[in-house]
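Please treat every number below as a calculation from the coordinates, not as lab data. If you're wondering where the values come from, they're calculated on a predicted model, not measured in any experiment. Virtual Cβ from ideal backbone geometry, glycine too; neighbours counted across all protein chains shown.
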Amino acid sequence: MSLSFSPPSAIDGDANFGFEPGAEPTGLACAWPSLVVDRRSFYAEPSPCPSVLLVTAHETERRVLGSLLRRERCILIDARSGTMALELLLSCRPDLVILDRDLGDMDGLECCRRIKTLRQSEFLPVLLVAAGISEEDEVLAIDAGADEYLSKPLHPQVFRARISALIRQKNAVDRLEEAEHILFALALTVERRDPGTAGHCQRLALYSVAFGMRLGLSKEQLLALHRGGYLHDIGKIVVPDAILYKPGKLTAEDWVVMRTHSARGEEICRPMRSLAPVLPIIRSHHERWNGSGYPDGLAGERIPLLARILQLADAFDALMSERPYKPAYTRKLTVQTLISEAGMGWRDAELTRLFIELPFDELKLAEPFVLGAEAGNDFDASVRNLQYHLAP
């Protein structure tokens, strides 16, 4: 493994990086806007450079591709096997992976498939390079998750164009991730406005995912529950503090305002396409089995399953916690209350029965290991810890 960065020589006539002073940017300059600066200030003020993980077992290809990448002012991260590449991706976040089909220790397609199953690298663009790619090879590469593929021998201009496009794609994904992290931070800020709800979002994520695992839900559904634990009440940002933290009972007028928060939360998160699976949780977690909930008066199985799961976790944690209007309930009283509410038609009775069978004492042991994955980062590690503590 080696990490090297070699800026091109200032007198190298080929090292214009896709731009000339006063001209429209081309090549990598389009993909990496911070490179579009006057040549005279370029070396005086170093700019961020894209990092590329180059995975090949062949020394000649490493030298040739490394030279091309350095000419494009890329930071080169070198892995000489698929195993080494997968290990590196646990600790670094490159902007692009260039992957040779022939790796020696494993097939490049298998390595690509593993890269795309890792939470931290599922959106990382992968350029697969192979000798004489056929139509069948292209199909296999796409199935493995490769974003682009090139046939050897490589044409330098085509190679530059492909890595430029892939890095531009990665930058777009990064901007979406940044927006997503802002939403999670906003949701936690809403929670922290009320000292009585400290840790509520994290516990909801923990309980909801644990219950979802017991129900055999898919990884995508578990991730939606995890995110829903944090984002379910983000709409409360629009509710005035005088209502949100009122020590006594809310008036009818107060409730009209309070009941808008679930729909407003959905509106806040709707522009983020990656949060589409979470929107039904945010909007419908206050619906009731008998149709008396809000905002849409949904009843029975018309209430999305993930919303029904999260509302049970929400009710459980609210009952077990001290609030301005009530003391913390015991575990026994909490279970009795959930069963009573199911009997009144508020909850899905079958889900309630299954939920109260969760081993909450074991979940408490898992809590320190799971609650660090606040915005979905380390989600796989969280699930592995839950699997360990929930094992029969």
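Would you kindly derive the ³J(HN,Hα) couplings of region 282-297 from the backbone phi angles with the Karplus curve 6.51 cos²θ - 1.76 cosθ + 1.60 (θ = phi - 60°), listing them in order in whole Hz, with x for Gly and Pro?
For region 282-297, the Karplus curve yields 4, 6, 10, 6, 10, 6, 10, 4, 8, x, 8, x, 9, x, 10, x Hz.
So what are the ³J(HN,Hα) numbers for region 220-230, from phi and the Karplus equation (6.51, -1.76, 1.60; θ = phi - 60°), rounded to whole Hz, Gly and Pro as x?
So the J values, rounded to whole Hz, are 4, 5, 5, 5, 4, 5, 4, 5, x, x, 8.
Across region 74-88, in residue order, what do the Karplus-derived ³J(HN,Hα) couplings come to in whole Hz, using 6.51 cos²θ - 1.76 cosθ + 1.60 with θ = phi - 60° and x for Gly and Pro?
My calculation for region 74-88 gives 9, 7, 9, 10, 9, 10, 9, 7, x, 4, 5, 4, 5, 5, 4 Hz in order.
At a Förster radius of 51 Å, what calculated FRET efficiency corresponds to the Cβ-Cβ distance of R331 and E110, to the nearest 0.05? Write out the running numbers ahead of the final one.
Numbers: r = 47 Å, r/R0 = 0.92.
It comes to 0.65.
If you stretched the chain out fully between I182 and V257, how much longer would it get, using 0.36 nm times the residue separation minus the C-alpha to C-alpha distance?
Working: separation 75, 0.36 × 75 = 27.00 nm, distance 2.47 nm.
The I182-V257 span can extend by a further 24.5 nm.
Say R0 is 56 Å: what FRET efficiency, to the nearest 0.05, do Y245 and Q157 get from their beta-carbon distance? Write out the running numbers ahead of the final one.
Working: r = 62 Å, r/R0 = 1.11.
Step by step, r from the Cβ atoms, then E = 0.35.
Quick one: which residues, 5 or more positions from K152 or on another chain, have an amide H under 5 Å from its amide H? H modelled 1.01 Å from N in the peptide plane, none for Pro or chain starts.
Amide H to amide H, under 5 Å and 5 or more residues apart or across chains, K152 pairs with A130, A131, G132, I133.
Sort 93-99, 155-161, 312-318 by the packing proxy (mean of other Cβ within 10 Å over each peptide's residues), most packed first. Mind showing how you got there, number by number?
Numbers: 93-99: 23.6, 155-161: 13.7, 312-318: 21.9.
Result, highest mean first: 93-99, 312-318, 155-161.
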